[in-house]
Each structure stands twice: as C-alpha cells, then as structure tokens.
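Data block below; observations after.
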Amino acid sequence: MTKTNHLAKVALFLLATLVPLTAMSQKKPLTLEELNYGGRNYADMQPRNATYTWWGDVLIHTDKEQCSTVDMKRLDETPLLKLDDVNAAIGTEEEQLKSLARVTFPYPGTTLALLENFKGRMLYDWQKKQVTWRQDDGHEVSDWTPVSRALAYVDNHQLFVADANGKTIQLSTDGSREIVYGQSVHRDEFGIYKGTFWSPDGQRLAFYRMDQSMVDDYPQVNTFTRIATEEPDKYPMAGETSHKVTVGVYDMGTGRTVYLDAGDPTDRYFTNIQWSPDARRIYIQELNRDQTDIQLTVYDAVSGKREGVIYTEHNDRYAEPLVPITFLPWDAGKFILQSQRDGYNHLYLMDTTGRQLRQLTKGEWVVLDLVGFCRQRGSVVILSTEASPIQNNLYEVNLSTGKRTLLDNGRGCHGNVYQDDGRHTSILSASGRYLFDNYSEPDVPRRISLLTTGKQAERVLLDAPDPWEEYDVPEFSCGTLKAADGVTDLYYRMVKPIGFDPSKKYPTVVYVYGGPHARNVEARWHYMSRGWESYMAQRGYLLFILDNRGSKDRGLAFEQATFRQLGQVEMEDQMKGIDYLLTLPYVDADRIGVHGWSFGGYMTITLMTHHPDVFKVGVAGGPVIDWKWYEVMYGERYMDTPQTNAEGYEKTSLLNQASNLKGHLQIIQGMNDRTVVPQHCLSFIDACIKAGTQPDFFVYPGEPHNMRGRKSVHLHERITQYFDDYLK
C-alpha cells in the first residue's frame, strides 16, 4: 500500500467517525420555553395526539377541520362532517367554531352532533347540514343533560334551570357568598368536583346547598386596585367551625323543590351522590366529621324522605369514599361499590338492600377506575395497578366468575383520556365491545390503539414520534429501594446530567411531593419526569425523585402510615433515598438540594430543618408550615383535630424548626393562595426572624396556589437560578 492510499483511508475513517460526532453535537439545547407548561414552545415538545369519541359503537376521529368515522377492521377513515359546512350552518361569525376536536355525538342512531363554544351549544344535523337546536350558556358554572337538553346554571349566586325550549326557572333567591348553590362543596374533597346532578331521565336535578355563613373569613387582599381591597375567602381550618351542606331536588315536571330529610347537617359530609336508574331514589355516601364511618343512605327523590342506610363501613383511622356507586346497566337491582375495606380499593357487587353478592376483584393492588360495562359479555372494564404499582393497565372482569382478562399490552400507563371528574368512561363504546386506549411507556411517547373486550390484541391508530428527537436528552431511569421500615418497596426516578460521566461528581437535587393522592413515579414516558428536571440535567444536575409511604395507589397500610404525624414517616423514607444516593460515586455529598411545592414545600422545609447538614439548598413553594392552618376535610383526615392530636400538631409544625435552618432556603408563595394560605409561610418567616435564621422569600402578587401562564416560566427560571447560585 502506498503512503498516499494509506493517508486517504485514514482520512475516510476519520470522516466516518466524525460525522456522527458532529451530528450529536448539533442536538438542540432544551429551554424552559419548551419544557415548561407556560412556555411559548411547550406544545411543540408534547407527543403528537389525536382525539376520538364514540357515536354509539362507531369510532369518530375528531380533528380541527373535520370529523371522520374509523373503520373498525381496516382503520381507514371516512369524512363525516367538515368545519366549513358546520360554520356555514352556524351563520354568525362570532359563534363559529375554530376546531371540531371537541365535537361529541350523544345520540346514537341519529345524525346529530353536539357543538359547544363559549356562548352555548348547538345540535348540528350533518345530513341536512343544518343547526337544528341552540341553547345559550356562557355561564361560569353550568351542567347540561343530553337526555332532556335541560341546563342547570349559576348566575350571581342563584341557581337556575332552563329547559330545552329556553323556559327558565329560578330555584334560589338567597344565594350569596355565604349561601352557595349548585357548586362543589367540602373543599373539593371526597371526589366532589361539581354541585349539580341530573337524573338519568333528565327530569330531576339534585343540587348542593352550602351554608358557610358560620365559617371564618380568611382575609385575602387584591393589591391591583388603586387602594388595596379585601376579597375574603371562607376557609374552615382544622378544628374550627365548618360549613353545613344540604341536598335539594328540583322536579321539572311539577316545578317543586324538596330537600332531602337528612337531619342536622352539622359536622357531616354528603359525598358521591348517585341516582337510581329509575330516577326515583338518591344514594349518598355520608361521612362523619371524624371521617371514620361511611353510611350509604337512600332517599326518596320525590318526597325527600330518608328510606334508610343500606351499607356501613368503619376504619379506625379514616375512610375516604371517592366514587359513587355504579348500577349495572342491565339490572337496576344491582350496583358496584368501590371500597378499601380489605386494604386495597376493590369492586364489590351489591344489591339494593345492601347485601354483598360477591367481591369482584381482590389482591394487593388497586382498582384505579371503573371504566364501564360490556352488556353482551356481562363484564366490567377497569383500570388497575395489578401489573405493577407504577403501571395503569386495562382489564375486563367477568361479573359472574371474577375472571380478569388483560386488554392492553401489559406495559406502561393506559387509559390516558380524562373527563371533568378525572375518570375514563369516555374511552369505552356504547355497548362496551370496543375502547380506544391512549397510553405511553417509558420509551413510548404516546400510542393510541383500538382494543376489543374479551381479548388482548391492539390495533394501532396513532404511534407518535419522539418530539425530543432533535434535542439533547438526559437519561431517565427507574428503580426501587426499601422504605425506612426495611420491608416496603419504594419507587424512584433518576434523571442523569446530559453528557453524564460516572467518574465525575454532580450536584444533586431531590424533587419531592410525598403527600396523599399523588405519585411522582409512573411507567409513563420518561417515567413521568417533569420538564424542569430535564432542564436541570442539561445544566449539570442529577435529579432524584422518590415516592415515599403516604403517597397514593399502594393500599391503606402504605397510605395510612403517616396518620396523625404528617411529614415524619415521609421524611424517614426520603432519607433512605439519600442513603442510596450517598452510595453512588457520582453524587457529590456536599452539594445536595431539595425542591417541592405544596405538600412538597412542606417536605422541603422539613428535610432542610431536620437534616440541615445534608441539604445545602432548598426551594419550597406554597409550603404548609403548621397543619392547624390547613382546611378541615383534608387536614383532619390525616391529622385529626388540633384538640384531639395536640402532640401530633406540635411535632409536625415547622415553626418549631426555624432555628435549625442552616443552608440556603428560598420560600415562594402565591400572594392570593386559597389552598395553602400565606399565613403559613409568613408565620415561618416570623419564626426565623425570632430565631435569627435567614431564609429568602419571593411572592407572586395576585397568583393562587400555582403560578399560571408565563409566570410559571418566570417561576422555574427563579428556582433554577437559586440552585445555580448556591449549589452548582
């Protein structure tokens, strides 16, 4: 070989090896504008999505420009209605739609589509290309039933009902800031998200009336007026006087309103309202203020008379009903009750006398949702954690035998289509034979598949490409470690710095929530990592996130381990995470920080003050400081009252820990936070002043518990800068 040929081959080899390196170096950097919800380019970084709905058993793909039917075998699409035709039929420019993505088809067998905009709703006949019915809405609080096309709404504190022809009846006259009609009660706890409930025939309306005149005001202030003005908020704190709730029933046929004869509503919670299929009875899961006893009570919807209690449940710590009973579509004498009475949330088949016919599901896993029924197969479709505590998978359960059939691929988190109540019933077709499944896995950004009950086989409707393909992306991993009890498995997520080098030592930030009704680690895309974590990984940080005992979907023993001592068991488990981190040669033990919001803000300050030599920097957003300032329903469930658990409240109060603060702590607060009121952080700052410790403080004027829009970008810039200043 000549010297020239040799040099040419070397050059070709170098070129071949340098090309991929050059391509790698051209990966785009991640910014908060892409990664944060309020960022300008956030939508571009989300996996491609598609919206589907059902017209009976016909699958409809709803898109911006048109709605199309999907062939159940070939999966090809045929246009059904088009935006131009719809807007031509609507006529007035101000009412025209910009997209058909949210069109629904509530009347199988007809050619009517439901169109909704900010002014109201219309029924559009796509065969005639005409709008056949209109109804004004635009109310801040409203509830429409497709059965009778009647609308319940609240205006100026008063409750109204308008029938399909526009005739309006005013149901209340004494509504006010103190007397609240037709809205969510009990601080949105117990699965309550609204205050009106239409009967199955659309002729009767059950509604909440909440008297909160006896509840103390929290003095919120509007600082954007010329002279700051008071905007007080009714806020019942733990151990203090709570509001009183009653349930009314309006009959459109008679024009009469009756109130359920429930007795004295003082210190009682009326939750999970459900109508009987014949619309003559109302079932309510009633709870005592101590939240230890559930009574499933039946009322006559015509007279309001109490017929009796058909089921009771007791838990020495707390019982927490979250889901109404669900009647079988083919048998009005039977219903499914969801209960944690055996330690995990499971399904029980009951009759209307309250007799248990059988337990339908059982095991050391949780039923997350009852998705719907398949009449033909006599089955129910559920979402559960049976496959893994960090997965959500779809199963069909035979109501006669209890046999379960996995419907999806057995991986990831499925059923990612949510309604206003946070449940998934819209994914199932009318007969229950088919469902569309929007899901992700740690390495699958999004996939939408068509499933059939009775078998495990998917047909892919959408396989979204990775929207991060052109960006420098960190490594996401998931693992387990033992809790402080030495027995329980805890799941964690780790996000390693971009360009990770195991021979280097990295500053590490623990992101924490730790409280009830949340889990941070799931088998979703990137193990459910928050965008900010990737941004921090790009800046050279290692991120660590651990779901401690007390977080959700692991059963009662796991969740109730924190009872009457919030923050203590959680802290012990988080420190087991620190023990693990300190075994890793690439974690810099002298540069460990912590960040969290709300309960996570509480945990951040808890960790900073109880382990001041471990955590050098912390950012606590909207933190609880002392549970006596938190609201009645949530606070008393987990802590009892300050009167009955004085020792627990004293032990968990962070006011007593202010003198222990050593590292750099920034507290961030929305000035008009109605969830964790500013009294918390201001009292802690006062305690720090008295103790001579020096936290930093930043406030967002006018903002609630979470920062909205562009302010969220600003917030995460600030959080990042704080770690850059003191931990990097």
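Quick notes
- Candidate set from segment 373-398 (those that are within 26 Å of residue 528 (Cα to Cα) and touching a residue at least 60 places away in the same chain (Cβ under 8 Å)); member that is surrounded by the fewest Cβ atoms within 10 Å (Cβ to Cβ): 388
- Restricting attention to segment 420-448 and to residues that are among the charged types (D, E, K, R) and assigned to a loop (DSSP other than H, G, I, E, B), the residue that is surrounded by the fewest Cβ atoms within 10 Å (Cβ to Cβ) turns out to be 420.
- Criterion (modelled with pLDDT of 95 or more, open to solvent by less than 10 Å² (accessible area, probe 1.4 Å), of a type in the set (Val, Ile, Thr) and farther than 27 Å from residue 346 by Cβ) met by exactly one of 298, 249, 221, 302: 249
- Long-range neighbours under 9 Å by Cβ, at least six apart or interchain, first residue farther than 15 Å from residue 362 by Cα and part of a loop (DSSP other than H, G, I, E, B) within segment 399-419, second open to solvent by 30 Å² or more (accessible area, probe 1.4 Å) and of a type in the set (Gly, Ala, Ser): 407/454; 407/457; 410/387; 411/387; 417/426; 418/426; 419/426
- Selection from segment 312-347 of residues that are part of a loop (DSSP other than H, G, I, E, B) and under 22 Å from the mean Cα position of the chain (by Cα): 318, 319, 320, 321, 322, 323, 324, 325, 340, 344, 345
- When residue 517 is tested against (1) on the phi < 0 side of the Ramachandran plot; (2) without any contact (Cβ under 8 Å) to a residue 60 or more places away in the chain, only condition (1) is not met.
- Among the residues of segment 580-634, those identified as in contact with a helix residue (DSSP H, G or I) (Cβ under 9 Å, 6 or more places away or on another chain) and among the β-branched types (Val, Ile, Thr) are 587, 592, 594, 605, 606, 609, 614, 617, 619, 624, 625, 632.
- Inclusion of residue 228 among residues that are aliphatic (A, V, I, L, M), at pLDDT 95 or above and out of contact with any helix residue (DSSP H, G or I) (no Cβ under 9 Å at 6 or more places or on another chain) is warranted.
- The criterion of being among the small types (Gly, Ala, Ser) and open to solvent by 50 Å² or more (accessible area, probe 1.4 Å) does not hold for residue 152.
- Sole exception among (1) at negative phi; (2) touching a residue at least 12 places away in the same chain (Cβ under 8 Å); (3) of a type in the set (S, T, N, Q) for residue 156, by number: (1)
- Helices (runs of 4 or more DSSP H) (entirely within segment 1-93) containing at least 2 residues that are modelled with pLDDT under 90, open to solvent by 70 Å² or more (accessible area, probe 1.4 Å) and of a type in the set (S, T, N, Q): 3-25
- Restricting segment 563-584 to residues that are open to solvent by 60 Å² or more (accessible area, probe 1.4 Å) and touching a residue at least 12 places away in the same chain (Cβ under 8 Å), the residue that is nearest to residue 635 (Cα to Cα) is 564.
- Checked across segment 125-136, the condition of being modelled with pLDDT of 95 or more, part of a strand (DSSP E or B), closer than 15 Å to residue 197 by Cβ and of a type in the set (Asp, Glu) holds for no residue.
- Residue that is out of contact with any Ser or Thr (no Cβ under 8 Å at 6 or more places or on another chain) and among the aliphatic types (A, V, I, L, M), where the choices are 101, 150: 150
- Every listed requirement among (1) touching a strand residue (DSSP E or B) at 6+ places or on another chain (Cβ under 8 Å); (2) within 26 Å of residue 645 (Cα to Cα); (3) without any contact (Cβ under 8 Å) to a residue 40 or more places away in the chain is met by residue 280 save one, (2).
- Here is the figure for segment 523-551: residues that are part of a loop (DSSP other than H, G, I, E, B) and either under 22 Å from residue 723 (Cα atoms) or in contact with a Ser or Thr (Cβ under 8 Å, 6 or more places away or on another chain) (or both) total 9.
- Look at segment 26-39: where a residue is of a type in the set (Gly, Ala, Ser) and a partner is open to solvent by 50 Å² or more (accessible area, probe 1.4 Å), sitting 6+ places away or on another chain with Cβ atoms under 7 Å, you get 38/710; 38/711.
- Taken together, the residues in segment 663-692 that are within 24 Å of residue 565 (Cβ to Cβ), outside any helix (DSSP H, G or I) and free of Cβ contacts under 8 Å to residues at least 60 places away in the same chain amount to 0.
- Odd one out for residue 591 among (1) part of a helix (DSSP H, G or I); (2) touching a strand residue (DSSP E or B) at 6+ places or on another chain (Cβ under 6 Å): (1)
- Any hit, segment 513-531, residues being open to solvent by less than 10 Å² (accessible area, probe 1.4 Å), within 30 Å of residue 410 (Cβ to Cβ) and touching a Leu at 6+ places or on another chain (Cβ under 7 Å): no
- Scanning segment 680-700 for residues that are open to solvent by 60 Å² or more (accessible area, probe 1.4 Å) and either over 13 Å from residue 661 (Cβ atoms) or under 29 Å from the mean Cα position of the chain (by Cα) (or both) yields a total of 3.
- Within segment 449-481, considering residues that are over 30 Å from residue 543 (Cβ atoms) and not in a strand (DSSP E or B), the one least open to solvent (accessible area, probe 1.4 Å): 453
- Selection within segment 636-662: residues that are of a type in the set (Ser, Thr, Tyr) and touching a residue at least 12 places away in the same chain (Cβ under 8 Å). The member of this set that is surrounded by the fewest Cβ atoms within 10 Å (Cβ to Cβ) is 659.
- For segment 552-585, the set of residues classified as part of a loop (DSSP other than H, G, I, E, B) and within 20 Å of residue 475 (Cα to Cα) consists of 582, 583, 584, 585, listed by residue number.
The values are calculated or read from the model by the stated rules, or taken from the named source; none is laboratory data. Just so you know, these numbers come straight off a predicted model, no measurement behind them. Glycine also receives a Cβ, built like all others from the backbone with ideal geometry; neighbour counts cover every protein chain displayed. The protein model used for the area step is the full one, side chains on, heavy atoms only, and it has no ligands, DNA or RNA in it. Shrake-Rupley method; radii C 1.70, N 1.55, O 1.52, S 1.80 Å.
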